[in-house]
Amino acid sequence: MSGSSDGPEDKQEWRHKDIPRFVVGCEEDEEDDDMDQVEIDMKSDNSREEDMEEDDDSLRGQIVVGICSMMKKSKSKPMTQILERLCKFEYIDVVIFSEEVILEEPVEKWPHCDCLISFHSRGFPLDKAVEYAKLRNPLLINDLNMQYFIQDRREVYRILKEEFIELPRYAVLNRDHPEECNLVEGEDHVEVNGEVFPKPFVEKPVCAEDHNVYIYYPTSAGGGSQRLFRKIGSRSSVYSPESSVRQTGSYIYEEFMPTDGTDVKVYTVGPDYAHAEARKSPALDGKVERDSEGKEIRYPVMLTAFEKLVARKVCLAFKQTVCGFDLLRANGHSFVCDVNGFSFVKSSMKYYDDCAKILGNMIMRELAPKYSIPWSIPIEDEDIPIVPTTSGTMMELRCVIAIIRHGDRTPKQKMKMEVRHHLFFELFDKYGGYKTGKLKLKKPKQLQEVLDIARQLLVELGQHTDCEIEEKKSKLEQLKTVLEMYGHFSGINRKVQLTYMRKGKPKTSSEEEDCKKDGPSLLLILKWGGELTPAGRVQAEELGRAFRCMYPGGQAGNRRSLGCESPIDFGDFAGFPGCGLLRLHSTYRHDLKIYASDEGRVQMTAAAFAKGLLALEGELTPILVQMVKSANMNGLLDSDSDSLTDCQQKVKARLHEIMQKDQEFMQEDYHKLAPTGSPSLVNSMNIIENPVKTCDKVYTLIQSLTSQIRKRLEDPKSADLQLYHSETLELMLQRWSKLERDFRMKNGRYDISKIPDIYDCIKYDSQHNASLSLEDTMELFRLSRALADIVIPQEYGISKAEKLDIAQAYCVPLMKKIQLDLKRTHEDEAVNKLHPQYSRGVMSPGRHVRTRLYFTSESHVHSLLNMFRYGGLLNEENDQQWKQAMEYLSAVNELNYMTQIVIMLYEDNNKDLTSDERFHVEFHFSPGVKGCDDEENVPLGFGFRPASSEVCEDNEDKKTNQGSLECLSEDQTDRALLVSDPINIQRKSPVIRNRKTGSMEVLSETTPNHSSKGGTSQRFLQSCSRQSPEIKPTGGLGFEGCSMVPSIYPLETLHNSLSLRQVEEFLSRVCESSSEAHVKTMKALSGLFDSQSQSSLYSMHHPLSTSGSEASLRPPSQTVCHGSVPSSTVSSAGPSSPPSPNTETSGQNFGVSG
């Protein structure tokens, strides 16, 4: 287009038009009403061309920008917003090609333009657009030929790889070319052209228009697949139990990247501008989060310098000025996983301004000289510098660290047998057992091999009764029966452990053979049960939902903002208690990582908790795979309970000796068994009086129980009775009969190690199978609990020195990790943050809260609590609050399911960075779920975040409690958020409540306290001066007809005025002194226990030393059969959820990521 400029009058008239001038070459599309809001002078393209021909002078000097795309795209709200702004450029005019012209007219009849914005979408004739570009040679904003490549994911990945842009590891399966099609599918992996992808992995169709992307999960996480698709209503994916890959079509298989449930979409406008938004990953639960206008909720985030370089490379490599692509932030890296081509941000006025300005300047820079248009490049920078904002002067929550025990589970069951058959040794060798002397088998293939051996040996025993098979037939039959349960294998509910015994296993109980064999053997330990129950899932999910309340922000209330006179409305989350956490997380200001040990029940608890915490929906498997990291490295959350420390073996031996005395406890026994004077231990000893007599009663009650179950089985009406969690009466009888056999040994003494199992079973049946109405169950529960309240905590040490020694053996790696979590919170600036320039409606885009959740088993919780209690964190004599906290902990008799230890870090931005008052640490604790019968004398703490005594004294005249969370609410009647409430299975999410509560955007130590209305007693928010409320009986609806879901005790504050320096010094001290303390303790204990340890039940043959050579570990008779051990073989006991380089390990390796 050429010609001289319009006269001054014409230009002046165009400059002052109120309505931007762009014309549309079609009639209004009835399917899209976005344009209804925009008043535009619309003309048909025919009349437009006629105008151009009749009065060419009227447009002389104007640059015509043509929009050539399907009308749904051309008339979309983002396009309209940008074109409105583009038309405000004095010399730019816009013409939109009508869809009718694009589809039906030859390109010669298409409108003329100087610059073309054209892009492919479903139904668009890209070939014609390319032909038009050749004919008219306009300036192309997005290259058209490259758009063919964007439609093929194979080409996209090829181009990205050529540009050295980081991609997930991938392989292409081309079924169009048989020579490139080599697929081998295993149960937990797929091999594509020699490249192996363990589950979870991603399967993408090669056609970019096909949005049916599948993610396949490992059997250890529940199996199945998540099926993604183009959004339909509020769904973007659905979970399917199908685990097999698709057999037709060509696909890209790629490694699954753990992104903690968040995807980042990047939008470029030229190589020097990129806008990024975070959204919930569609693979997480498939629900699309939408705002009040029905748009998907997304929040702008800041890109790192490296990610901006990636955006530049993508824009230039694909020659797409306006381009969108997907970014996965995982394992400390940023991976590009998809390039979408032309794509706009859906709703951001700032983006619309920037995009129009950049495109307008780009067009003017290229075309203004051609038409002699006077124009100079603007001096202002298009990318405004980012200035981080502060959150004000009040205490700000910076970090939450929680260590949580798993939820309610089925009874754990265990069987031990000594095996000597060469098939077991071959299996042990195959999976690298000789490297460490131990082997853990959990994978379906491994368990199948054990089952095959058991079946083969049983067949041989049946055919040849005089054969030399040393394994006991009854044990083999039990091994076979357990492995055949459920009809399928899953590492979540069964595992086999093998331990090498150089001289065989000594006879220690009635389970063993009557005569001891010489030579090496393997100790086979079969574990099953211990699955998370439906009640356990509900407990974890409800606790996760309640956990949100500890986070500030999200609610609208009567608090006025800093420097503002009017109350703040926080947008979509306003008025919903506990949704400050959701807001922090969705706006990318929440750095969340969830770790779990490799036990299935622990991992499922973590997934259910995450579901409640983040208001997710759907199955737990996708949440488990994406949100929960396996932390079974270096003992962070796992421990081998069958490999005890020397100290723990000696402690168990002494405990066994004391509990075998057939006489009433004497004063010296109290000193021996409860040297710390713990009230819970003393009360239990008072109940027991004579340990042997109590064990006699327990044994008699177990016999009565098994007898009652047998009678029920003989009753035709009860034969097919279905118990809780699909258990049958027959399985229940097997469970109790085994305990009956094992508890009382052949020598008449009792195996004290079975007491926790007895209590475990009776607690389970009392809670879930109470409808059977079996006699004397509550008496059995009372006595076994009293015994368990002694045995369980004292197994982790009797004296303070022993408790510390054993605790250090369990949890030093975890304590090192906690220390780093606290340290990094105020040092780590390389964290993903919200973009303040685009954060409409977000008050404090600079706020950043770090959350680390560690889910583990009872052993770690006991040990960690012992470290804090006896490790010298504070002096009880000098600190009254700590003294009261220690008295409270001493009165707690059980660390039940969902026990929580919570550390919270706050920051006062008004204090100097070097001041001890800058960072403020709080320490909270809950003993978990309440028991079947709520104890009348349950110990009570001092509430959650009570004020210190000094604060209470200073404000006595105001009658306020300034440190309590009660001050954050004026109308706390939403009981769904309180941990102290009975957990009801049909409890609705607090998100759907409509009652507003006080804001928690900033937690303040000087905010006045308001009492809650409605007269409801709420222990979660009780103050330090409160009276102990009456503990009401557990509520809840029946689950599966007979189960009650118990409530959870509230968090109690143990201390709320610790400095960060105090905590860091304590953690450093106990971690550094762990090895030294261990040596000292063992020296002190060695002389005391040497004489009694040899004959004790707990003095088992110590496992082999790892320092010995592999050759010395082999059974002499099997050396030739086994062959050499492959040097690359490692233990087959992998994590239940996919391992990743991001897993934070103990010791020095913690420096990689937070």
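The values are calculated or read from the model by the stated rules, or taken from the named source; none is laboratory data. In this text the structure is predicted, and so the values were computed from the model without any measurement. Neighbour counts are summed over all protein chains in view; Cβ atoms, including those assigned to glycine, are modelled from backbone coordinates with ideal geometry. Just so you know, the surface numbers come from the protein's heavy atoms only, side chains and all, with ligands and any DNA or RNA stripped out. Shrake-Rupley method; radii C 1.70, N 1.55, O 1.52, S 1.80 Å.
Answer yes or no: is there a residue in region 267-274 that is in contact with a strand residue (DSSP E or B) (Cβ under 9 Å, 6 or more places away or on another chain), under 25 Å from Q320 (Cα atoms) and of a type in the set (A, V, I, L, M). Checking region 267-274: at least one residue is in contact with a strand residue (DSSP E or B) (Cβ under 9 Å, 6 or more places away or on another chain), under 25 Å from Q320 (Cα atoms) and of a type in the set (A, V, I, L, M).
Scanning region 594-613 for residues that are part of a loop (DSSP other than H, G, I, E, B) and either out of contact with any strand residue (DSSP E or B) (no Cβ under 8 Å at 6 or more places or on another chain) or free of Cβ contacts under 8 Å to residues at least 40 places away in the same chain (or both) returns a single hit, E599.
Per-residue answers, yes or no, for (1) under 32 Å from the mean Cα position of the chain (by Cα); (2) part of a helix (DSSP H, G or I); (3) surrounded by 24 or more Cβ atoms within 10 Å (Cβ to Cβ):
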{"position": "D757", "(1), (2), (3)": "yes, yes, no"}
{"position": "D760", "(1), (2), (3)": "yes, yes, no"}
{"position": "S766", "(1), (2), (3)": "yes, yes, no"}
{"position": "A786", "(1), (2), (3)": "no, yes, no"}
{"position": "V791", "(1), (2), (3)": "no, yes, no"}
{"position": "A807", "(1), (2), (3)": "yes, yes, yes"}
{"position": "C811", "(1), (2), (3)": "yes, yes, yes"}
{"position": "K817", "(1), (2), (3)": "yes, yes, yes"}
{"position": "L822", "(1), (2), (3)": "yes, yes, no"}
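Of all residues in region 734-779, which are closer than 27 Å to V482 by Cα and either free of Cβ contacts under 8 Å to residues at least 24 places away in the same chain or aliphatic (A, V, I, L, M) (or both)? Hits for region 734-779 are Q734, L739, M745, I752, K754, I755, I758, I762, A770, L772, L774. Tally the residues that are in a loop (DSSP other than H, G, I, E, B) and closer than 19 Å to Q151 by Cα, restricting the search to region 211-259. Number satisfying all stated conditions: 5.
Yes/no matrix, rows are residues, columns are (1) open to solvent by 30 Å² or more (accessible area, probe 1.4 Å); (2) touching a Gly at 6+ places or on another chain (Cβ under 8 Å):
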| position | (1), (2) |
| --- | --- |
| D263 | no, no |
| T268 | no, yes |
| A274 | yes, no |
| L284 | no, yes |
| K287 | yes, yes |
| R298 | yes, no |
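State whether the residues of region 361-381 include one that is under 27 Å from V156 (Cα atoms) and modelled with pLDDT of 90 or more. Yes, some residue in region 361-381 is under 27 Å from V156 (Cα atoms) and modelled with pLDDT of 90 or more. Residue-level check: of (1) touching a helix residue (DSSP H, G or I) at 6+ places or on another chain (Cβ under 8 Å); (2) open to solvent by 30 Å² or more (accessible area, probe 1.4 Å), T899 misses just (2). Residues that are open to solvent by less than 20 Å² (accessible area, probe 1.4 Å), of a type outside the set (D, E, K, R) and at pLDDT 65 or above within region 453-498 comprise I453, A454, L457, L476, L479, V482, L483, N493, V496, Q497, L498, listed in sequence order. In region 193-205, of all residues being modelled with pLDDT of 95 or more and surrounded by 20 or more Cβ atoms within 10 Å (Cβ to Cβ), the one that is farthest from Q147 (Cα to Cα) corresponds to F197. The single condition among (1) part of a strand (DSSP E or B); (2) crowded, with 22+ Cβ neighbours inside 10 Å that V314 does not satisfy is (1). Look at (1) modelled with pLDDT under 50; (2) open to solvent by 20 Å² or more (accessible area, probe 1.4 Å); (3) of a type outside the set (V, I, T); (4) touching a Ser or Thr at 6+ places or on another chain (Cβ under 6 Å) and you find that N558 fails only one, number (4). Here I790 clears all of (1) under 30 Å from G871 (Cα atoms); (2) free of Cβ contacts under 8 Å to residues at least 60 places away in the same chain except the condition numbered (2). Filtered by the rule that a residue be over 21 Å from S1073 (Cα atoms) and assigned to a helix (DSSP H, G or I), region 857-888 gives E858, Q880, Q881, W882, K883, Q884, A885, M886, E887, Y888. On inspection, P300 does not qualify as within 23 Å of the chain's Cα centre (by Cα) and either of a type in the set (G, A, S) or not in a strand (DSSP E or B) (or both). Only one entry in S376, S347 is surrounded by fewer than 19 Cβ atoms within 10 Å (Cβ to Cβ), over 29 Å from the mean Cα position of the chain (by Cα) and over 24 Å from V266 (Cβ atoms), namely S376. Screening the candidates G530, G519 for the property of being open to solvent by 10 Å² or more (accessible area, probe 1.4 Å), more than 30 Å from R298 (Cα to Cα) and modelled with pLDDT of 55 or more yields one hit, G519.
Looking only at region 724-737, which residues are open to solvent by less than 20 Å² (accessible area, probe 1.4 Å) and at pLDDT below 90? Residue satisfying the conditions is L729 alone. Residues in region 151-162: is at least one farther than 25 Å from E307 by Cα, open to solvent by 30 Å² or more (accessible area, probe 1.4 Å) and under 47 Å from the mean Cα position of the chain (by Cα)? No, region 151-162 has no match at all. Scan region 90-105 residue by residue and report those that are more than 18 Å from S121 (Cβ to Cβ) and either in contact with an Asp or Glu (Cβ under 7 Å, 6 or more places away or on another chain) or touching a residue at least 12 places away in the same chain (Cβ under 8 Å) (or both). Passing the criteria: E90, Y91, I92, D93, V94, V95. Taken across region 229-241, residues that are in contact with a helix residue (DSSP H, G or I) (Cβ under 9 Å, 6 or more places away or on another chain), in contact (Cβ under 8 Å) with a residue 40 or more places away in the chain and under 30 Å from S597 (Cβ atoms) do occur, with at least one present. So is D742 assigned to a loop (DSSP other than H, G, I, E, B) and either of a type outside the set (G, A, S) or open to solvent by 50 Å² or more (accessible area, probe 1.4 Å) (or both) or not? Answer is no for this residue. Quick one: would you say I762 is closer than 23 Å to C695 by Cα and touching a Pro at 6+ places or on another chain (Cβ under 9 Å)? Against the criterion (closer than 23 Å to C695 by Cα and touching a Pro at 6+ places or on another chain (Cβ under 9 Å)), I762 does not qualify. Of all positions in region 701-720, none carries a residue that is open to solvent by less than 20 Å² (accessible area, probe 1.4 Å) and touching a strand residue (DSSP E or B) at 6+ places or on another chain (Cβ under 8 Å).
Take region 214-257 and flag every residue that is open to solvent by 20 Å² or more (accessible area, probe 1.4 Å) and among the aliphatic types (A, V, I, L, M). The answer is L228, I232, V238.
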